[in-house]
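These notes concern the structure reproduced below.
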Amino acid sequence: MCGFVGFTDGRSPEEKRTIVEKMADRIVHRGPDSDGYFTDDVTALGFRRLSIVDLAGGNQPIFNEDESKVIVFNGEIYNHKELRVGLEEKGHIFKTNADTEVILHGYEEYGCDLFDKLRGMFAFVIYDKATGELVGARDYFGIKPFYYYKKDDVFLFASEIKGMLEHPDFVKEVNRSALKMYLVFQYSVFEETFFKNVFKLKPGHYFKYKDGVLETKPYFEIEYKKQDLGYDEHRRQIKEALENSIKYHQITADVEVGSYLSGGVDSSYVVGVARPDKTFTVGFDVQGFNETELAQEYSELCGINNYRRLITKQEFFDALPRVQYHTDEPEANLSAVPLLFLSGLASEKVKVVLSGEGSDEMFGGYNEYPETKGVKFYLALPGGLRRGMAKIAKKLPHFPGKNTIIKYSKPFCERYLGHAQIMDEEEANRILCDDLKDNITTTDVLRPYYEKVKDCDDVLQKMYIDMHFWLPQDILLKADKMTMANSLELRVPFLDKEVWKVASRVPSKYLVKGMRTKSIFRDVADEAMPADWSNRRKLGFPVPFSKWVLEEPFFSRVKEAFNKPEVDLFFDRAVINKLLDDHHKGVANNGRKIYNIYTFLIWYNVYFVEEANG
């Protein structure tokens with residue numbers, strides 16, 4: 001796992017070298033083992049390396065035989081040995097055993113058709129010295145990050161936004177239009193990030209840049225190709241694909257590979273198949289928020305060493321600025337904080353860990369996918385009646401079922417926004433200052449995606465939305481950034497192209513049965529672990545923030561943040577303070593909304609107040 005930076009401009013190679021070194025230094029946490037640089041009259045490339053494969057010979061940038069092309073690459077290609085054999089048969093000469101060089105020669109041989117041949121997680125840039133063209137790509141599901149800055153004739157790119165801040169032509173400005181949907185979704189949903197003119201290269205996309213012209217195109221799209229082969233055959237295929245993927249993710253390394261372990265089925269299955277020597281777990285010393293004992297028990301059953309620690313509330317709050325710094329954009333998923341501590345714990349023992357991200361999106365695992373009998377009964381009522389009931393419910397004080405009545409009065413494409421929804425557009429507008437209130441809706445954001453699966457069943461539509469929003473823009477973002485903050489590589493064997501080929505064919509009736517989520521996967525997992533583990537309900541990383549913020553000094557800490565001068569640039573001060581005070585008084589549980597606002601203000605302070613003050 002590594003990080004890269006780069007840019008094009010008219011400066012001399014010497015001037016470029018000074019700038020690109022500063023840019024790479026900003027992301028040294030992604031690669032503390034070594035660095036490398038390339039500059040010419042057109043382009044600068046910088047690289048920070050965390051040595052995993054070909055420890056001695058894999059330093060970057062790497063060149064082809066005649067040094068006409070050069071590459072920087074972040075990720076792992078698990079089928080690089082197989083691809084290399086084919087390329088050598090075609091006459092390509094290799095200088096290293098690194099997977100990076102396979103990408104470079106593969107692009108020489110296959111052009112953009114290479115991207116679909118790669119099995120792994122990746123973000124890379126190839127520079128053709130003869131033509132001055134830059135080509136880059138990001139993996140199928142967005143496991144690895146890729147950002148670029150485009151304004152007039154300035155073009156920069158990097159594994160993390162903070163790396164681009166060191167370029168003298170970078171204009172740092174808040175993209176204020178991103179805030180409203182962030183309040184709704186809890187993460188940045190647009191292609192343009194919270195930094196104006198900084199964009200994410202979408203998963204499954206590549207770009208070409210030459211002479212100031214940038215072109216981006218998809219090379220992979222998520223498509224469901226349902227084919228009922230019978231339950232037993234689908235189960236067999238899933239088992240075979242997962243075991244193969246875990247093997248590849250485990251053996252493609254020249255260092256020890258450990259594994260994260262919670263009390264849930266996903267990480268437990270990975271551990272049950274991989275049988276690493278070490279597992280790692282964190283939790284909170286609060287009832288209902290600690291799975292470390294379950295993880296230790298499971299590790300002992302498997303004969304594996306488990307390392308665990310408990311996080312205090314003081315540690316949680318103190319870590320928030322570091323979390324927001326490393327995520328680059330505001331990130332209000334509470335689990336990012338324990339993930340930072342978990343990564344720190346693991347990095348003391350190993351350089352690579354396996355984890356269970358992607359299982360829920362692949363196999364229908366979220367609790368929101370099936371509908372309860374009560375919801376189904378309510379949905380059977382005429383739409384006009386449901387809308388009328390919702391209108392009345394909105395005016396009443398909170399009562400059990402109020403949110404359900406309101407949510408399920410809406411059309412399907414409006415009521416399911418993905419796994420997380422903190423508030424609706426109306427409340428977001430109330431919270432924002434006047435010049436940020438607008439008419440944009442979640443439907444405006446999601447409609448293009450729902451249109452592509454409008455003929456699919458409800459479960460597949462929900463999974464499709466999560467595959468494009470929740471997974472790459474929240475789950476995988478924090479997974480990459482929190483592990484890299486501790487110079488640790490994270491691998492996600494569920495998010496494998498060969499697993500996807502199998503999972504995309506499984507009919508929904510095998511994924512969700514009644515209220516049992518991820519049904520067929522749980523049956524596969526039964527063979528690798530005790531039933532107690534394969535049937536556990538998904539918890540994620542539960543965090544007792546709503547309780548802690550009621551206490552001192554944390555309530556006062558948040559209160560202070562809600563009343564700093566910069567608050568008025570974004571929020572209605574009176575409204576957000578009422579949210580906080582009502583929560584403190586027990587009038588309403590506003591914990592998640594408070595955390596959403598608080599994390600944004602921390603992010604703004606880290607990048608625009610503290611940095612401005614030196």
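The values are calculated or read from the model by the stated rules, or taken from the named source; none is laboratory data. The structure presented is a predicted model; accordingly, all values stated were derived computationally and were not measured. Quick reminder, even Gly has a Cβ in these numbers, built from the backbone with ideal geometry, and neighbours come from all protein chains shown. The area values use the complete protein model at the heavy-atom level, side chains included, leaving out ligands, DNA and RNA. Shrake-Rupley method; radii C 1.70, N 1.55, O 1.52, S 1.80 Å.
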Q | Sorted peptide list for 367-374, 600-607, 119-126, criterion being average Cβ within 10 angstrom, highest first | A | 119-126, 600-607, 367-374
Q: Arrange the peptides 388-401, 216-229, 193-206 so that the one whose residues have, on average, the most other Cβ atoms within 10 Å appears first.
A: 193-206, 216-229, 388-401
Q. What 222 nm value per residue comes from the helices of the chain, counting each DSSP H run with n ≥ 4 as -39,500 (n - 2.57) and dividing by all residues, nearest 500 deg cm²/dmol?
A. -11500 deg cm²/dmol
Q) What dipole magnitude, in Debye to the nearest 20, does the chain give about its Cα centre under +1 on Lys/Arg Cβ and -1 on Asp/Glu Cβ? A) 2480
**Q.** Span-like helix ranges in the chain, DSSP H, alpha carbon extent 24 angstrom or more, Kyte mean at least -1.0
**A.** none
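Using a 1.4 angstrom probe on heavy atoms only, work out the carbon and sulfur share of the accessible area of the chain in %. Please report the intermediate quantities before stating the final value.
On the way: 11450 of 23430 Å².
Whole-percent figure for carbon plus sulfur exposure: 49.
Which GluC sites (Glu not before Pro) from segment 17-77 combine a DSSP loop assignment with at most 14 other Cβ atoms within 10 Å?
Glu65, Glu67
Can you compute the FRET efficiency between Glu243 and Leu214 using 1/(1 + (r/R0)^6), with r the Cβ-Cβ distance and R0 = 35 Å? Round to the nearest 0.05.
Working: r = 41 Å, r/R0 = 1.17.
Once rounded, the FRET efficiency stands at 0.30.
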Q: Take every Cα pair under 8 Å in the chain that's 6+ residues apart, average their separations, divide by the length, and report that relative contact order as a whole percent.
A: 16
Q) In the full protein assembly as shown, how much of Asp457 is accessible to a 1.4 Å probe, in Å² to the nearest 10? A) 70
Q: Among Met181, His80, Pro145, flag the residue with its Cα farthest along the positive direction of the charge dipole of segment 73-201, charges on Cβ as +1 for Lys/Arg and -1 for Asp/Glu.
A: Met181
Q: Would you mind giving the average projected area, over all directions, of the Cα convex hull of segment 1-98 in nm² with one decimal?
A: 6.5
Q: Choose one of Gly230, Thr131, Thr39: the residue whose Cα lies farthest towards the positive end of the charge dipole of the chain (beta-carbon charges +1 Lys, Arg; -1 Asp, Glu; about the Cα centre).
A: Gly230
Q. What is the local net charge at Tyr595, summed over the other residues whose Cβ is closer than 13 Å to its Cβ (Lys, Arg +1; Asp, Glu -1)?
A. +3
Q) Given that just one value was derived from the coordinates, which of (i) 58; (ii) 51; (iii) 67 is percent of Cα pairs over 31 Å apart? A) (ii)
